[in-house]
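The values are calculated or read from the model by the stated rules, or taken from the named source; none is laboratory data. The shown structure was predicted, so the numbers you read here are calculated from the model rather than taken from an experiment. For neighbour counting, all protein chains shown are included, and Cβ atoms are generated from backbone atoms with ideal geometry for every residue, glycine included.
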Amino acid sequence: MKIIIQTNKIRCDVGKCKNQARYSVAPEGVSPSQYINICEDCATEVYSALGKHLVPKSPKNMLAKAVKRGNE
Ligand SMILES: [Zn+2]
């Protein structure tokens with residue numbers, strides 16, 4: 001999955017947003033017509049909304065789990 005800085009004048013794909021897309025989300029092996037195009041504002045909103053659901057895995061916790069498993 002790549003993020004491309006969009007230079008073409010295409011519209012943001014988010015709901016009723018009429019802004020010009022600033023980024024394109026480009027999965028591997030997908031043609032440009034299937035990219036998800038998103039403007040700066042929506043990208044920021046999506047990012048913060050996703051952040052509430054996706055918690056980055058903490059290496060410390062993973063290590064603690066591995067140690068615990070080792071002791072069993
Ligand atoms: Zn938008």
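Residues checked against (1) of a type in the set (A, V, I, L, M); (2) more than 12 Å from the ligand (Cβ to nearest atom):
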site	(1), (2)
Asp13	no, no
Arg22	no, no
Ile36	yes, no
Cys42	no, no
Tyr47	no, yes
Lys52	no, yes
Ala64	yes, yes
Arg69	no, yes
Quick one: is Ile10 surrounded by 10 or more Cβ atoms within 10 Å (Cβ to Cβ) and either at pLDDT 90 or above or within 14 Å of the chain's Cα centre (by Cα) (or both)?
yes
Looking at the stretch 24-34, which of its residues are within 15 Å of the ligand (Cβ to nearest atom) and β-branched (Val, Ile, Thr)?
Val25
Restricting attention to the stretch 35-72, which residues are among the hydroxyl-bearing types (Ser, Thr, Tyr) and under 30 Å from Lys18 (Cβ atoms)?
Tyr35, Thr44, Tyr47, Ser48
Complete set of residues in the stretch 18-44 that are among the charged types (D, E, K, R) and either under 18 Å from Lys2 (Cβ atoms) or in contact (Cβ under 8 Å) with a residue 24 or more places away in the chain (or both)
Arg22, Glu28, Glu40, Asp41
